[in-house]
Amino acid sequence: MEAHLHMWLELLVRWAHFIVGIAWIGASFYFNWLENHLQREQRPDGVAGDLWAVHGGGFYYLKKFAVAPGELPPTLHWFKWEAYATWISGMTLLIIMFYWNAQTYMLKPGSGGISAGAAIAIGAGSLLASWVFYDLLCRSALAQREWLTGLLLLTWFALLAWILSSWLSDRAAYIHVGAAIGTVMVANVFRVIIPAHRELVDAVSEQRTPDASKGLNALQRSRHNNYFTLPVLFIMLSAHYPATYGHPYNWLVLLVFSLAAVAIRHFFNIRHLPGFTAWPLIPAALLLVGLILFTAPGTRSLESSVDVDTVIDTDTVLEIVHQRCSNCHAAVPEFAGLATAPLGVELDTSQKLELHAQRVFHTTVTVRTMPLGNLTRMTEEERQIIADWYGSRTAGEP
Ligand code: HEC
C-alpha cells in the first residue's frame, strides 16, 4: 500500500510539473515569437510596434511600447508563477524520486565511499553552486563577451555532469544537471527579470525614467534562459534513454546534445531576421548524427565469445535473472517501494525473459543500467553469460 501511494504521489507531482512547465516554456516561446514578429515602427504615442493574429475564433491586436505607456493600465498581467511552480514541483519530484530512496537512486554502484546523506548534499549543493557561479559570471566583465560566456557555461555544466556522475548514480547525475540549469533559469526570473519589471512599473507610476541597467540585465538573463530551454528539456526526457545517461562518457553525450540543442534554438531565434540562412541546423545535425554513432551499442560492450554452435540455454540465464532481477521485475515485486514491475518489465518466467531478451541484453551488457544501482551485485561473469546467450540467440539471424 505504501508503494502504491508513493507511486500516486510521484505521478501527480510529475503531472503537475509537466503542466506548469509547459505553461512556462510555452509563454516564453510565445513572447519570443511576439518580439520577433512585431511590425516595428516608432510612433508618437510611444508604441514601438504592433502585431495582428487570429487564433481560437477571434482576432487579436497587440502593441509593444518602446519603454512604457504614459500611465499604468488598471490590470497588468505578470508571468512568473509558471516559472516558480515549475521549480517548486520539480524540487518536490526530485525529493520524491531520488532523495526519498537515496540509497537506491542516488548512489553509484561500487563507488563505496559516500553515504546517502552525502549524495543528497552533493546533489542539492550542485544546484546552489551553479547559481552562484552563473550569477557571478553574469555580473563580471566577461559577460559582455557572449561567446565566451556561452563557452564558460557549457564547460561548467559539462564539468558538473562529469563530477556528479563519478559520485552519484548516472540518472541522479543527469537529473541534477537538469535541475541545476532549471534552478538558474528560475532564479533569473526571481532575482533579475521580475525585479526589472517591478522597476519599470514603479518608474511609470512615479513618473520617472526607469533605471536602464536593470532592464539590460533582465534582457541578458532572458536570452540565456532562451538558450537553456532545449538542453533542459532533453535532460528531463533522457531518463527514458539509458543509452544517454548510462553511457560511460555520459557527460560528453550531454555536452554534445546540448550544443546541438543550442544551435537549434539559435536557428529559431534568427529565423525572422533579414538575410537569414538555416546554417545552425547543419552543425546541429552533424552533432546529433555523431551522437547516434557514438552511443551505438557493441563498440564498447562485452562481445559474445561463443561460437555459433554453443548455445546458452535460457534456463541458465533465468537462474541469474531470478537471483539478480526478479525481486524488482516480477508481477508482485518483493523489493520495498515497488508496487508493480518497473515499466511493466516482468522477468520471472522463461517466456517473459525471451520476450524481453533484447532489452535485458541492452540494460545489463551494453549500457549497464541494470540491475538498478547494481543493488543485487550482478557479476561480470553473469553479464558475459547474458552477452553470450543473446549472441547465440541472434547468431542465426541475418
Ligand atoms: C532494485 C530494483 C531493480 C533491479 C534489481 C533490477 N531492476 Fe530493472 N528496472 C528497475 C527500475 C526502477 C526500472 C525503471 C527505470 C526507469 O524508470 O527508467 C527498471 C527498468 C528496467 C528495464 C526497462 C528499461 C529499459 O531501458 O528498457 C529493463 C529491461 C530492466 N529494468 C531489466 C533489468 C534486468 C535484466 C535486471 C537484472 C539483471 C534488472 N532490471 C534489475 C529496477 C530494478
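The values are calculated or read from the model by the stated rules, or taken from the named source; none is laboratory data. Keep in mind the model is a prediction, meaning the values are calculated, not measured. All Cβ positions, glycine included, derive from the backbone under ideal geometry; neighbour counts span all protein chains shown.
Hey, V289 hits all of (1) within 12 Å of the ligand (Cβ to nearest atom); (2) modelled with pLDDT of 90 or more; (3) not basic (K, R) but one; which does it fall short on?
(1)
Quick one: which residue in L254, L281 is buried (at least 19 other Cβ atoms within 10 Å of the Cβ) and in contact with a Phe, Trp or Tyr (Cβ under 8 Å, 6 or more places away or on another chain)? Walk me through how you get there before you give the answer.
Numbers: L281 fails: buried (at least 19 other Cβ atoms within 10 Å of the Cβ).
L254 is the lone residue from the list that is buried (at least 19 other Cβ atoms within 10 Å of the Cβ) and in contact with a Phe, Trp or Tyr (Cβ under 8 Å, 6 or more places away or on another chain).
What single numbered condition from (1) surrounded by fewer than 19 Cβ atoms within 10 Å (Cβ to Cβ); (2) modelled with pLDDT under 95 fails to hold for L152?
(2)
Looking at T209, is it of a type in the set (S, T, Y), assigned by TED's automatic domain parsing to the domain that holds S89 and modelled with pLDDT of 95 or more?
Values: of a type in the set (S, T, Y): yes; assigned by TED's automatic domain parsing to the domain that holds S89: yes; modelled with pLDDT of 95 or more: no.
Spelling it out, it is not the case that T209 is of a type in the set (S, T, Y), assigned by TED's automatic domain parsing to the domain that holds S89 and modelled with pLDDT of 95 or more.
Please go through region 104-128 and pick out each residue that is touching a residue at least 40 places away in the same chain (Cβ under 8 Å), out of contact with any Phe, Trp or Tyr (no Cβ under 8 Å at 6 or more places or on another chain) and surrounded by 14 or more Cβ atoms within 10 Å (Cβ to Cβ).
Scanning region 104-128 gives T104, L107, P109, S126, L127.
So which helices (runs of 4 or more DSSP H) are wholly in region 185-301 and hold at least 1 residues that are farther than 30 Å from L76 by Cβ? Give the steps one after another, and end with the answer.
Numbers: elements: 194-205, 212-238, 242-245, 250-270, 281-294.
Where helices (runs of 4 or more DSSP H) fall fully within region 185-301 and carry at least 1 residues being farther than 30 Å from L76 by Cβ, they are 212-238, 242-245, 250-270, 281-294.
Taking S326 as the residue in question, decide whether it is away from the ligand (no atom under 12 Å from the Cβ) and among the small types (G, A, S). Full working, then the answer.
Working: away from the ligand (no atom under 12 Å from the Cβ): no; among the small types (G, A, S): yes.
The answer is no for S326.
From A83, A27, A68, A23, grab the single residue that is buried (at least 17 other Cβ atoms within 10 Å of the Cβ) and touching a helix residue (DSSP H, G or I) at 6+ places or on another chain (Cβ under 7 Å). Give the derivation first.
On the way: A27 fails: buried (at least 17 other Cβ atoms within 10 Å of the Cβ); A68 fails: buried (at least 17 other Cβ atoms within 10 Å of the Cβ); A23 fails: buried (at least 17 other Cβ atoms within 10 Å of the Cβ).
Exactly one of A83, A27, A68, A23 is buried (at least 17 other Cβ atoms within 10 Å of the Cβ) and touching a helix residue (DSSP H, G or I) at 6+ places or on another chain (Cβ under 7 Å), namely A83.
Failed condition for T316, given (1) modelled with pLDDT of 80 or more; (2) within 11 Å of the ligand (Cβ to nearest atom), with all others met?
Here T316 meets the rest and fails (2).
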